[in-house]
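The values are calculated or read from the model by the stated rules, or taken from the named source; none is laboratory data. Source: prediction; values computed, not measured. Here Cβ is always computed from backbone atoms with ideal geometry, including for glycine, and neighbour counts include all displayed protein chains. These accessible areas exclude ligands, DNA and RNA; they are computed on the full protein's heavy atoms, side chains included. Shrake-Rupley method; radii C 1.70, N 1.55, O 1.52, S 1.80 Å.
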Amino acid sequence: MERQLVPLYVHPAEDPPAWRALVRAAPRLYGVVVNAADGPGAAPDPVLAEPFAELREAGVRILGYVDTAYGRRPHAAVVEDLQRHRTWYGTDGVYFDQACTDPAFLPYQRRLTVAARALGCETVVLGHGTHPDPAYADGTVADLLVTFEGDWQAYEAAPVPRWTADHPAELFCHLVHGVPSGRLRAVPREARLRGAAVHYATTGDGDNPWRTLSLALTPALAGPALSPTRTETD
C-alpha cells in the first residue's frame, strides 16, 4: 500500500481545504508532520485543535516538528519542544528535522530518542535529508529515516548507497518538492526502486514548498508516468 509522510507547513486557517483533504486521504498516509511555528510555538494555538482531532479520528499519526539544528541545539531545548507538542496537541510522535548524519552525533540523537519515547512518542522520524552514516539505520535510533529531501531535479540524479539494500524499505522515506504535475504519479514507484517505502511529492517550490498539498492526495491528479531510474553508490 502507498504510504505518504506529509509535511504540511501551512496553517489550517490559511488553507482549510488542504487539511480536509488529508482526512479523506487518511488510508494512504504514514503520517502528517505539523509545524505550528518552526516547532510548537510559544503558546498553544486553539485553531489547530479541530483539524488535529479530525486527523486523529481518521487514524492518522501526527508528528510534531522539532529542529535539532544538526546537533547544535541543546538537549533541554529540544526536549522542551517535545513536551509542548505532546501536552498542547497530543502528538503521536516526533519529526526531528535537520538531523545529524555523522556517527559522532549518534549519542546526541540516541538521548533525544530515549527522551521522546519516555514522553510517549510512538513514532520517531529523523529528517536527515540525505543518507546518514549506516549506524543510524540499526533500528534503535528511529522508526523512519528521511534520506532525501530536495527538489525534483536533484532527486533524478540522487545516488543510493549500497548499504541501504541491507535494510527494509519501510525504514526509508523520500520527500520531493518542485515535481512537475505530470511526474507525480511516478514518485511512489521511483521511491520504491530507490529502496524507500515511504514518500511524499509536491509541486510546491520556493522558500516553503511544503505549504502546497500534493495533487496526488486529491482526485485532480492526472499525467503520464516517469520511467524510473536507480543510481547506486558504494
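Looking across segment 148-169, the residues that are of a type in the set (A, V, I, L, M) and touching a residue at least 40 places away in the same chain (Cβ under 8 Å) come down to Ala157, Ala158, Val160.
Taking segment 73-171 as the region of interest, the strands (runs of 3 or more DSSP E) fully inside it that hold 1 or more residues being within 25 Å of Gln4 (Cβ to Cβ) and among the charged types (D, E, K, R) are 93-97, 144-151.
For segment 68-83, the condition of being of a type in the set (Asp, Glu) and within 15 Å of Pro40 (Cβ to Cβ) holds for at least one residue.
For segment 27-43, residues that are outside any loop (DSSP other than H, G, I, E, B) and surrounded by 15 or more Cβ atoms within 10 Å (Cβ to Cβ) total 7.
Kindly indicate which of Pro74, Pro107, Pro46 is within 20 Å of Val10 (Cβ to Cβ), free of Cβ contacts under 8 Å to residues at least 12 places away in the same chain and open to solvent by 50 Å² or more (accessible area, probe 1.4 Å).
Step by step, each of Pro74, Pro107, Pro46 is checked, and only Pro46 is within 20 Å of Val10 (Cβ to Cβ), free of Cβ contacts under 8 Å to residues at least 12 places away in the same chain and open to solvent by 50 Å² or more (accessible area, probe 1.4 Å).
In segment 110-147, which residues are free of Cβ contacts under 8 Å to residues at least 24 places away in the same chain and farther than 19 Å from His85 by Cα? Of everything in segment 110-147, just one residue is free of Cβ contacts under 8 Å to residues at least 24 places away in the same chain and farther than 19 Å from His85 by Cα, namely Asp138. Tallying residues that are more than 16 Å from Pro209 (Cα to Cα) and in contact with a Gly (Cβ under 7 Å, 6 or more places away or on another chain) within segment 1-30 yields 1.
Could you pull out the residue among Ala186, Ala191 that is among the aliphatic types (A, V, I, L, M), surrounded by 15 or more Cβ atoms within 10 Å (Cβ to Cβ), modelled with pLDDT of 95 or more and in a helix (DSSP H, G or I)?
Just a single option satisfies the conditions, and that option is Ala191.
Residues considered: Val141, Val124, Val160. Of these, the only one that is aliphatic (A, V, I, L, M), open to solvent by less than 50 Å² (accessible area, probe 1.4 Å), within 19 Å of the chain's Cα centre (by Cα) and within 25 Å of Thr212 (Cα to Cα) is Val124.
In segment 170-192, the residues that are of a type in the set (S, T, N, Q) reach residues that are at pLDDT below 95 with C-beta atoms within less than 9 angstrom, at least six apart or across chains, in these pairs: Ser181/Leu215; Ser181/Leu221; Ser181/Ala222; Ser181/Gly223.
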